[in-house]
Amino acid sequence: MLRPGNFNKAMACHDCGQVLVLPKMPDKTIARCFRCNAKLFCKNPDSIDKTLALAFTALILFFIANIYPFLAMRIQGFVQETNLITGIATLYNQGIPGVALVVLMTTLVIPLFQIAGLIYICLPMKLGYLPWKTAQVFRLICNMQPWGMIEIYMLGILISMVKLAKMATIIPGFASIAFMILICILAAIFSGLNPEDIWKRIPVKKDHDIINNRKDSIKETRDSIPIGCHSCSLLCRIPIQDGHYNCPRCQASLHIRKTNSIHRTWALLIAAGILYFPANIFPVTLTGALGHEQADTILSGVIYFLFSGSWHIALIIFFASIIVPVMKLIILAYLLISVQKKVTWKPEDRTRLYRITEAFGRWSMVDIYVVTILVSLVQLGPLANITAGPGAVYFAGVVVITMFAARSFDPRLIWDAMEESNE
Ligand SMILES: [Zn+2]
Ligand SMILES: [Zn+2]
């Protein structure tokens, strides 16, 4: 891998901590860790130009998607329209501000911050200067990536359309087309953007002992250790003794391992496990129609879709809302126990399991979005009304807390047992 004249940069794998030296890479190639197969680096030429063009397009689409209604429902002369804001306002008015806040942050605030933030960084960079607090803004954009959930919201819109099609005429609005294009553009932004293109333009403070891409400096010494910054991937050398160190480029805290990772992950996991029971026992929606009231739990929603012929929707909800949260709790608990018992069995498979858990966990939010859309659309006076039930609050808690639990777990701990057994 390393040949004279071929040497390019040194970095540490964020999933297993392995320090690697990357050769010079041709354009449009991806470098993966040889030990755990994590994606380390992708080389995309002109990534800032493309990101800027796409971010401007995304900003226009974002406003179209939020100003116009994305769904209208017609039933016996009543017409009810909804957009994102009305759904959030309805949840707030029904007395569940916590769930309204989660929906507001994941579908409006965070995606808008990411789009506007990329324009804020890339436009001045294109003109040849660095905007104020570039590193901090870009760090925030990268850290918030799992929390922008427009594509999951779109799946919620589709499920709501199937659910309501039996009782009323559903008309997709202009905004739903804008939403679909916006999802594709956001996916193109984040798959095409090479973060290193932005990081390499941000200067590194000189008063730190940074490993300067020298082959001999990536070794561990008696009193210092090479550590990759979790935010900007800069390889830094920090003293082994306890202390607080910040990345000299992006100011993120540098840790040999995430602080109290095992205890924090256990605490969050137990909290999510406790909330999982009321989330499934209490109703997520209460439907009042012509004097009757019907309470629906997550499971009864699945059964409804199953027996009304929409088995594919039943499968999606069953998988996203029942299987994924349980699997996430089981997998994280297994990883924690395996780390505590210093198990050395198949570390690459356990790291992959962690990556899958982190990637799929956010899709459980789809049920919360379905509730948001239903409560804003089905407000038809004496005909039918849907309100959010207490189950929705507990379920939103489960999804958010398990996402925090996955982030607080440090996958490098899986590899520590291997290194200890090799010593
Ligand atoms: Zn690795
Ligand atoms: Zn950094």
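Observations on the structure shown:
- Where N is the number of residues in the chain, Cα Rg divided by 2.2 N^0.38 Å: 1.10
- The alpha carbon centroids of region 128-198 and region 48-112 are separated by 11 Å.
- Only helical runs count toward this figure. For the chain, summing -39,500 (n - 2.57) over DSSP H runs of n ≥ 4 and dividing by all residues gives -16500 deg cm²/dmol at 222 nm.
- Derived scalar couplings between HN and Hα for region 369-374 equal 5, 4, 4, 4, 5, 4 Hz in order, rounded to whole Hz, by the Karplus curve 6.51 cos²θ - 1.76 cosθ + 1.60 (θ = phi - 60°), x for Gly and Pro.
- Length gained on full extension, Asn37 to Gln145, computed as 0.36 nm times the residue gap minus the Cα-Cα distance: 36.8 nm.
- Axis angle, to the nearest 10 degrees, between helix 390-408 and the longest C-alpha principal axis of the chain: 10 degrees.
- Amide H to amide H distances under 5 Å link Gln294 with Thr287, Gly288, Ala289, where only residues 5 or more positions off or on other chains count and H is placed in the peptide plane.
- Charges were assigned to the Cβ only: +1 to each Lys and Arg, -1 to each Asp and Glu. The resulting dipole of the chain about its Cα centre is roughly 1140 debye.
- Under-5 Å amide H pairs with Leu71, H placed in peptide plane, nonlocal only: Thr82, Gly173
- Furthest towards positive pole of dipole, Ile96, Ala252, Ala31, structure part the chain, Cβ charges: Ala31
- The phi torsions of region 287-292, fed into the Karplus equation with coefficients 6.51, -1.76 and 1.60 and a -60° offset, translate into couplings of 9, x, 9, 6, x, 9 Hz, rounded to whole numbers, with Gly and Pro shown as x.
- Partner lysines whose Cα lies under 26 Å from the Cα of Lys346, excluding those fewer than 8 positions away in the same chain, are identified as Lys39, Lys219, Lys258, Lys328.
- Using a cutoff of 8 angstrom between alpha carbon atoms and counting only pairs six or more residues apart, the relative contact order for the chain works out to 21 percent.
- The Cα atoms of region 317-423 cover 73, 18, 16 Å along the three principal axes, with the biggest extent listed first.
- The order of Ser233, Ser364 by accessible area, most exposed first and with a 1.4 Å probe, is Ser233, Ser364.
- In the chain, excluding the sites themselves, the longest stretch lacking any of the chymotrypsin sites (Phe, Trp or Tyr not before Pro) that are in a DSSP loop with at most 14 other Cβ atoms within 10 Å is 133-344.
- Simple point charges give the picture: +1 on the Cβ of Lys and Arg, -1 on the Cβ of Asp and Glu, and for region 1-159 a dipole about the Cα centre of about 720 debye.
- Result for the chain in a Gaussian network model with C-alpha springs under 10 Å: among Pro111, Pro347, Pro382, the largest mean-square fluctuation is at Pro382.
- Per-residue Karplus couplings for region 339-347, computed as 6.51 cos²θ - 1.76 cosθ + 1.60 with θ equal to phi - 60°, are listed in order as 6, 5, 7, 6, 5, 10, 6, 6, x Hz, Gly and Pro entered as x.
- The amide H of Leu40, built 1.01 Å from its N in the peptide plane, has Ala31, Arg32, Cys33 as neighbours under 5 Å, considering only residues 5 or more places off or on other chains.
- Unpartnered cysteines - no second Cys beta carbon under 4.7 Å - across the chain: Cys42, Cys122, Cys142, Cys184, Cys236
- Among Gly98, Gly128, Gly148, the largest mean-square fluctuation in a Gaussian network model of the chain (Cα springs under 10 Å) belongs to Gly128.
- Relative contact order, percent, region 276-361 [alpha-carbon distance under 8 Å, six or more residues apart]: 18 percent
- Only one residue of Ile171, Thr134, Tyr394 has its Cα farthest out toward the positive end of the dipole of the chain, where Lys and Arg carry +1 and Asp and Glu -1 on Cβ, and that residue is Thr134.
- Here the relative contact order of region 71-202, from alpha carbon pairs under 8 Å that lie six or more residues apart, stands at 32 percent.
- Translational diffusion coefficient of region 1-81 (Stokes-Einstein, Kirkwood radius from Cα pairs, 37 °C, 0.692 mPa s): 192 µm²/s.
- In the chain, a dipole from Cβ-located charges (positive for Lys and Arg, negative for Asp and Glu) runs towards its positive end, and of Thr297, Phe282, Leu315 it is Leu315 whose Cα lies farthest in that direction.
- Cα-centred dipole magnitude for region 237-299, charges only on beta-carbon of K, R (+1) and D, E (-1), debye, nearest 20: 620 debye
- Where trypsin sites (Lys or Arg not before Pro) in DSSP loops with at most 16 other Cβ within 10 Å are excluded, longest remaining stretch of the chain: 29-132
- Surface calculation, 1.4 Å probe, protein heavy atoms: Glu293 sits at approximately 140 Å² accessible.
- Each principal axis of the Cα cloud of region 158-197 was taken in turn, and the coordinate range along them, longest first, works out to 51, 18, 7 Å.
The values are calculated or read from the model by the stated rules, or taken from the named source; none is laboratory data. Remember, it's a predicted structure, so these values are computed and weren't measured experimentally. Don't worry about glycine lacking a Cβ; one is built from the backbone with ideal geometry, like all the others, and counts go over all protein chains shown. Quick note on the areas: whole protein, heavy atoms, side chains included, nothing else; ligands and nucleic acids left out. Shrake-Rupley method; radii C 1.70, N 1.55, O 1.52, S 1.80 Å.
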